[in-house]
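One structure below.
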Amino acid sequence: MGKYKAVFFDRDGTLVRGDPEWTAFRNNCIKEWSGKNLNNSYDYFMEVFNRVMRGNFPFAPYHTVEEELEFFRQWYLYVFDDLGITEKRSERADMLVEKLWYLKKHPYPETVEVLEYFQFKGYKLGVISDSAPSLEMTLLDCGLHKYFTSFTASSLVGAGKPDPIIFNAALEAQGVTAEESLYVDDYRPEAEGARKLGFTSFLLDRQGIEPEDQWTIGNLRELVNFVERNRR
């Protein structure tokens, strides 16, 4: 195993991707109800997300799955405001939350084989995710939960990446140091935040758009290659 004892992964864009049918269903519903296209950008998602956070709701910030559901119900209601959807608002918000929530994730093609490699070799495996309390449920739903022994969600820790608080919470959960740990994330500030704390941290660039360096990989198999080259 060498000096490394644990491997931590980001969830979205690293271990799993969203469900394209999920996205199409939601977009088609909203287009039918409003006659307008939903802005699917991350910036718009976060703008509405922060609107809910500022709204003085008892479920914001959320700390339980039940509060998470109420949070995203309100998220949809604000989207309806933006798009002028005035009919059956409550019913439609309930339907979108029930059907579309966060449970539909699909592992990337190499995810399972990489997790099985590290599990077989005796590494501790954890997820560090800027995500809601349903983090474990999403991984159970797509068959990955069994590989991990820690699930560190920003909503439960009270801090998101790259804040040291969330990384340190993950290390504490596994009983390891940053120097004993590998980390991989598809977002540069978060990968670099882990590296500053002492992790051997990689930026996952599946599209090949980032500048190449020793800490950039194109898929998770390259993490296995790194470990095999650096075994002592």
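FYI, it's all coordinate maths here, none of it is from the lab. Values in this document were obtained by computation on a predicted structure and should not be read as measured data. Reconstructed Cβ throughout: ideal geometry from the backbone, glycine too, with neighbour counts over all protein chains shown.
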Next item on the list: Provide the percentage of antiparallel DSSP beta bridges, counting only those with both residues in the chain; round to the nearest 5.
Entry: 15 percent
Next item on the list: Apply the Karplus parameterisation 6.51 cos²θ - 1.76 cosθ + 1.60, with θ equal to phi minus 60°, to every residue of region 52-64 and state each ³J(HN,Hα) to the nearest whole Hz, in sequence, with x for glycine and proline.
Entry: 5, 4, 7, x, 6, 7, x, 9, 10, x, 7, 10, 9
Next item on the list: Mind scanning Lys161/Lys196; Lys105/Lys146; Lys5/Lys105; Lys105/Lys196; Lys31/Lys99; Lys36/Lys88 and naming the pairs with a C-alpha gap bigger than 22 Å?
Entry: Lys5/Lys105; Lys105/Lys196
Margin query: Could you give each residue of region 83-96 its phi-based ³J(HN,Hα) in whole Hz, using Karplus coefficients 6.51, -1.76, 1.60 with θ = phi - 60°, and x for Gly or Pro?
Written below: 9, x, 7, 10, 9, 6, 4, 5, 4, 5, 5, 4, 5, 5
Notebook entry, point to check: Which cross-chain or sequence-distant (5 or more) residues have an amide H under 5 Å from the amide H of Val127, H modelled 1.01 Å from N in plane?
Noted result: Phe9, Ser150, Phe151, Thr152
Next item on the list: Return the label of the correct value of Rg and Dmax of the Cα atoms in Å, as calculated from the structure shown, out of (i) 18.9, 65; (ii) 16.1, 49; (iii) 17.8, 66.
Entry: (i)
Margin query: Give me the percent relative contact order of the chain, please, defined on Cα pairs under 8 angstrom at least 6 residues apart.
Written below: 25 percent
Notebook entry, point to check: Ser201's amide H: which non-local residues (gap 5+, or another chain) put their own amide H closer than 5 Å, with H modeled 1.01 Å from N in plane and none for Pro or chain starts?
Noted result: Tyr183
Check: Using a simple spin-label model with points 7 Å from Cα along the Cα→Cβ vector, what separation in nm is obtained for Tyr42 and Arg221?
Finding: 2.6 nm
